[in-house]
Amino acid sequence: MRAAAAALAALLLALAGCGEGTPPPATAPPPPASGTGYFVGSSDGIGATLDLLGDDPVSRSVERALVAEGGPTGDVPDVGIASIVNETPSGFDAPRFIAILESGRGVILTPGVEALRGARGPAARLARARLRQVPSRIPSEGAGVAYLVLRGASADEVASVSMAAGPEPSITLAARRR
């Protein structure tokens, strides 16, 4: 019995690399998350940056309203800020965005106003008041901002974003490191 225990101990030491012989292979650190939450793209005079982890007074108020609606254990969506630039001679309504996940699945990014449609309470009223101050149209030779809500996925799962703006049916916003 002692011989078997000694043999087992020797085997475990060898497997653990605590004895003579070849050291165990070095373990590589886990790869960094491929999702950055930050996207940039342009085409034919229309471009945008999108930060899916927005952090300004408006995005924070939208997030607080969504948290209040879902409760402390509910799924808290990511609230993003898109900055849109229009160098064309005509204005257009706020663009629509679709997040393309690493799996290939698309998730519509809901405009903040729509995401708060059924929300009640003081946090929702404040968020809606702040969102009303954001123009819903992108002027010609101008710029605008959009607040977007990502539900059903997290920002680090998003590989790219597709934006439909003005006459452009699809502009790809590629992931960028911050």
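The values are calculated or read from the model by the stated rules, or taken from the named source; none is laboratory data. Just so it is clear, the structure is predicted and the values come from calculations on it, not from any experiment. Every residue, glycine among them, receives a Cβ derived from its backbone with ideal geometry; neighbour counts consider all protein chains shown. Just the protein is used for accessible areas: all its heavy atoms, side chains included, with ligands, DNA and RNA removed. Shrake-Rupley method; radii C 1.70, N 1.55, O 1.52, S 1.80 Å.
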Go through (1) over 16 Å from the mean Cα position of the chain (by Cα); (2) over 19 Å from Pro57 (Cβ atoms) one by one and return the number of the condition Ser154 breaks. (1)
Test for Ser42: is it at pLDDT 95 or above, open to solvent by less than 70 Å² (accessible area, probe 1.4 Å) and of a type in the set (Ser, Thr, Tyr): no
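For (1) at pLDDT below 95; (2) farther than 17 Å from Ser43 by Cβ, each residue gets a yes or a no:
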site: Phe97; (1), (2): no, no
site: Glu114; (1), (2): no, yes
site: Gly118; (1), (2): yes, yes
site: Gly121; (1), (2): yes, yes
site: Pro135; (1), (2): yes, yes
site: Tyr147; (1), (2): no, yes
Can you tell me how many residues in the range 127-178 are in contact with a Leu (Cβ under 8 Å, 6 or more places away or on another chain) and either open to solvent by 70 Å² or more (accessible area, probe 1.4 Å) or on the phi > 0 side of the Ramachandran plot (or both)? 1
Looking only at the range 53-82, which residues are closer than 11 Å to Tyr147 by Cβ, buried (at least 18 other Cβ atoms within 10 Å of the Cβ) and not acidic (Asp, Glu)? Gly54, Val58, Ser59, Ser61, Val62, Val79, Gly80, Ile81, Ala82
It is to be established whether one or more residues within the range 124-131 are of a type outside the set (D, E, K, R), without any contact (Cβ under 8 Å) to a residue 24 or more places away in the chain and either in a helix (DSSP H, G or I) or touching a helix residue (DSSP H, G or I) at 6+ places or on another chain (Cβ under 7 Å) (or both). yes
Assess whether Gly121 counts as being open to solvent by less than 30 Å² (accessible area, probe 1.4 Å) and farther than 21 Å from Phe92 by Cβ. yes
In this structure, does Gly118 turn out to be at positive phi and free of Cβ contacts under 8 Å to residues at least 60 places away in the same chain? no
Scan of the range 83-110 for residues that are over 14 Å from the mean Cα position of the chain (by Cα), surrounded by 13 or more Cβ atoms within 10 Å (Cβ to Cβ) and assigned to a strand (DSSP E or B), ordered by number: Ser83, Ile84, Val85, Asn86, Phe92, Arg96
